[in-house]
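Attaching a single structure in structure tokens format; questions to follow.
The values are calculated or read from the model by the stated rules, or taken from the named source; none is laboratory data. Please read all numbers here as calculations on a predicted model, not as lab measurements. Please note: Cβ atoms are built from the backbone with ideal geometry, for glycine as well, and neighbour counts cover all protein chains shown. Areas reflect the complete protein model, heavy atoms only, side chains present, ligands, DNA and RNA absent. Shrake-Rupley method; radii C 1.70, N 1.55, O 1.52, S 1.80 Å.
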Amino acid sequence: MGSTTMPEGFEVLHPSDVSSLRIPWDARYSRDEIAEIASSDPPLSLWNPRTGGYLIGGFWRHREDIANVVDIVGPAVSTELLEAFLIRCRQVGLKLAIVAEYSERRRESFYESGGMHLIEEIVVYELGRLPSASLARPGSPELIARVVDPETVDGFDELIRLDHRAFPWLWWNTPSEFENYASAPGVIIETLSTMDGKLVGYIGMTSLGSWGHLDRIAVDPDLQGQGFGRLLLDRSIQRLRSGGARRVALSTQASNTVSRALYESVGFRRSRNFDYRIYGTRLRDAG
């Protein structure tokens, strides 16, 4: 299971400690932003008062069982910060600790030395020319689309049940994540059902002028393999196109060969410069 004793020289970073940090001029986060992240309960950020190095940690996608390294800063960043982070995550009983390489990449050996290993590769696609005609195949069933209004919806229970059946554990949404996502600028969530009212799936999109992002396509696992994924993808593209999008991007797991084949079949192409990796360590049984 690993040690649960914090190594000498490392301390939990509290908001009152942030004024003592040696924050470089090109840091991605200001003192106020670091203090806000460090105020999480339980606190997941660490620092070394002697070296000035610090690690900002938070919850992954509002998941209170998964911790994420937000940033690592220091005059001589070492794997000891990662090791201390894993110990802190064990102390508070989390299931998984990860680093998602959104904005900064290091050698794989850095993570391995700190006790983490590669758990997911994310590939990014972009569609530069949006089709005006429907992608649906002849004879495809008609679906009814309904916009999810976060102001009036009575919770996200139905979406969460579908979400957890359609996606791997790491990518499950929680009520807090749905609420946060639904309130973000440009976000549109729609459910799609058959004519007799059976929920087929849902889509989540971000529409910002000429740019659109397909955030989520979830199809009921019992209905997969029947062409519904293509119908939901078509609905998403047309919805973003009607909102002014000229290009659409999305991301998926490198191992998800079925989804990747679907995206490539309608014209999506890899944007390799934006691919990223997720390293992590399981701390206890994820269930």
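Gly201 - would you say it is of a type in the set (Gly, Ala, Ser), open to solvent by less than 60 Å² (accessible area, probe 1.4 Å) and in contact (Cβ under 8 Å) with a residue 24 or more places away in the chain?
Spelling it out, Gly201 is indeed of a type in the set (Gly, Ala, Ser), open to solvent by less than 60 Å² (accessible area, probe 1.4 Å) and in contact (Cβ under 8 Å) with a residue 24 or more places away in the chain.
Residues to consider are Arg216, Arg246, Arg241, Arg272; find the one that is closer than 30 Å to Ser109 by Cβ and not aliphatic (A, V, I, L, M).
After applying the criteria, what remains is Arg272.
Looking only at residues in region 1-24 that are without any contact (Cβ under 8 Å) to a residue 24 or more places away in the chain and part of a helix (DSSP H, G or I), which one is least open to solvent (accessible area, probe 1.4 Å)?
The selected residue is Val18.
Could I ask something else about it? Being β-branched (Val, Ile, Thr), farther than 15 Å from Thr281 by Cβ and touching a residue at least 24 places away in the same chain (Cβ under 8 Å), is that true of even one residue in region 28-39?
Yes: region 28-39 contains one or more residues that are β-branched (Val, Ile, Thr), farther than 15 Å from Thr281 by Cβ and touching a residue at least 24 places away in the same chain (Cβ under 8 Å).
Test each condition in (1) touching a Pro at 6+ places or on another chain (Cβ under 9 Å); (2) open to solvent by less than 20 Å² (accessible area, probe 1.4 Å); (3) in contact (Cβ under 8 Å) with a residue 60 or more places away in the chain for Asn173 and report the one that comes out false.
(1)
Being open to solvent by less than 50 Å² (accessible area, probe 1.4 Å), closer than 20 Å to Leu232 by Cα and either at pLDDT below 90 or part of a helix (DSSP H, G or I) (or both) narrows it down to one of Ala136, Ala145, so name that one.
The match here is Ala136.
Still on this model: Restricting attention to region 25-36, report how many residues are open to solvent by less than 60 Å² (accessible area, probe 1.4 Å) and either touching a Pro at 6+ places or on another chain (Cβ under 9 Å) or at pLDDT 95 or above (or both).
2
In region 106-155, what residues are in contact with an Asp or Glu (Cβ under 7 Å, 6 or more places away or on another chain) and under 30 Å from Leu199 (Cβ atoms)?
Ile122, Val123, Val124, Ser134, Leu135, Ala136, Ala145, Arg146, Val147, Val148, Pro150
May I ask you to verify whether Val187 is touching a strand residue (DSSP E or B) at 6+ places or on another chain (Cβ under 6 Å), open to solvent by 50 Å² or more (accessible area, probe 1.4 Å) and farther than 23 Å from Arg269 by Cβ?
When the stated conditions are applied, Val187 does not pass them.
Okay, next question. Keeping to region 246-287, report how many residues are closer than 19 Å to Ile98 by Cβ, among the hydrophobic types (A, V, I, L, M, F, W, C), surrounded by 15 or more Cβ atoms within 10 Å (Cβ to Cβ) and within 15 Å of the chain's Cα centre (by Cα).
Going through region 246-287 one residue at a time, the tally reaches 1.
Taking only pairs six or more apart or across chains, which ones have beta-carbon atoms under 8 Å, a first residue in region 258-276 that is closer than 19 Å to Pro131 by Cβ, and a second residue that is open to solvent by 80 Å² or more (accessible area, probe 1.4 Å)?
Pairs that qualify, where the first residue is closer than 19 Å to Pro131 by Cβ and the partner is open to solvent by 80 Å² or more (accessible area, probe 1.4 Å), are Gly267/Arg129.
I'd like to check something: does region 220-231 contain any residue that is among the polar types (S, T, N, Q), free of Cβ contacts under 8 Å to residues at least 60 places away in the same chain, under 18 Å from Ser140 (Cα atoms) and in a loop (DSSP other than H, G, I, E, B)?
Yes, some residue in region 220-231 is among the polar types (S, T, N, Q), free of Cβ contacts under 8 Å to residues at least 60 places away in the same chain, under 18 Å from Ser140 (Cα atoms) and in a loop (DSSP other than H, G, I, E, B).
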